[in-house]
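Everything on this sheet refers to the single structure shown next.
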Ligand SMILES: [Zn+2]
Ligand SMILES: [Zn+2]
């Protein structure tokens, strides 16, 4: 099975899966490598910061596992960074000093609210909320250089009142194209995140049309992750994702080792 490069463990507040259980599941699925990418969302504006990684214990804990599993499966160590322009210096410093293989940059908090919580949608239409999500994401992609791949570009549609029933690339093209162009210009990868299937959207995040458009605009680096918070979701719908990526014109999957892209045949 293709390697899963978006996996959470109990180092993240929203997962209770031990890293060892996640690695074992990857081995059982026949993966040759994986990447653990726990959450680090700094200065979210929440009353309590729930998504801060304790980097010393995270990195030392995962390094021990990487050594233990060496020769059986390659354990890459990554992080999913919550992007925000107002902490640009912090993120830049962190990314340049962290000893990790891979950094996913994700738009989680928008105006101090995560779309995961219904309050994000209060007092405005779903369309307005989605547009705001994409506008802020564009600012982040343009301003920040601290990440290798942009995570789940249309994450917001997982949680809207009508989820993706009124959502499509065509309906939000004017918002999405500039994000894709900025990624291509910077040589930043785009993530195909299969949790959309798990959420019942019937599509990955982002959708097939957006992956295809990124390829059309010259984007070649696509990464793949399940966003699993539990072992049973690792590699979720990866067979389908592979077909989608091939159909969109990708021939290689990009993985990162020591922050350097490596290309695997799809
Ligand atoms: Zn995320
Ligand atoms: Zn995630």
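What follows is calculated from the coordinates using simple rules that are stated; it is not laboratory data. Source: prediction; values computed, not measured. A quick note on method: Cβ atoms are made from the backbone with ideal geometry, for glycine too, and the neighbour counts reach across all protein chains shown.
A few points about this structure:
- Computed FRET value (nearest 0.05) for residue 28 with residue 60, which takes r as the C-beta separation and R₀ as 22 Å: 0.30
- Residues residue 246 and residue 185, FRET efficiency given R0 of 35 Å [Cβ-Cβ distance, rounded to 0.05]: 0.90
- By the beta-carbon count within 10 Å of each Cβ, the least crowded to most crowded order of 263, 169, fewest first, is 263, 169.
- Gaussian network model of the chain, springs between alpha carbon atoms under 10 Å - residue of 43, 241, 171 with greatest fluctuation: 171
- Over the range 4-265, volume per residue of the alpha carbon convex hull, in Å³: 117 Å³
- The ranking of 234, 103, 73 by Cβ neighbour count inside 10 Å, starting from the fewest, reads 73, 103, 234.
- Placing dummy labels 7 Å off each Cα toward the beta-carbon, the span from residue 127 to residue 13 is 3.5 nm.
- Label-point separation, residue 142 to residue 111 (7 Å along Cα→Cβ), nm: 1.9 nm
- Cα-based shape type of the range 6-135, given that a ≥ b ≥ c are square roots of the gyration tensor eigenvalues and the cut on a/c is 1.5: prolate
- Look at the alpha carbon pairs under 8 Å that are at least 6 residues apart: their mean separation over the length of the chain gives a relative contact order of 20 percent.
- Overall form of the range 65-218 per C-alpha gyration tensor (a/c, 1.5; a/b vs b/c): prolate
- Residue-averaged [θ]222 nm for the chain, counting only DSSP H segments that reach four residues, each worth -39500 (n - 2.57): -10500 deg cm²/dmol
- Mean-square fluctuations from a GNM of the chain, with a 10 angstrom spring cutoff on Cα atoms, peak among 253, 138, 50 at 50.
- More than 19 Å apart - percent of Cα-Cα pairs taken over the range 219-266: 31 percent
- Among beta bridges from DSSP that stay inside the chain, the antiparallel ones total about 25%.
- Burial ordering of 212, 173, fewest other beta-carbon atoms within 10 Å first: 173, 212
- Estimated from the Cβ-Cβ distance and a Förster radius of 45 angstrom, the FRET efficiency linking residue 86 and residue 216 is about 0.85.
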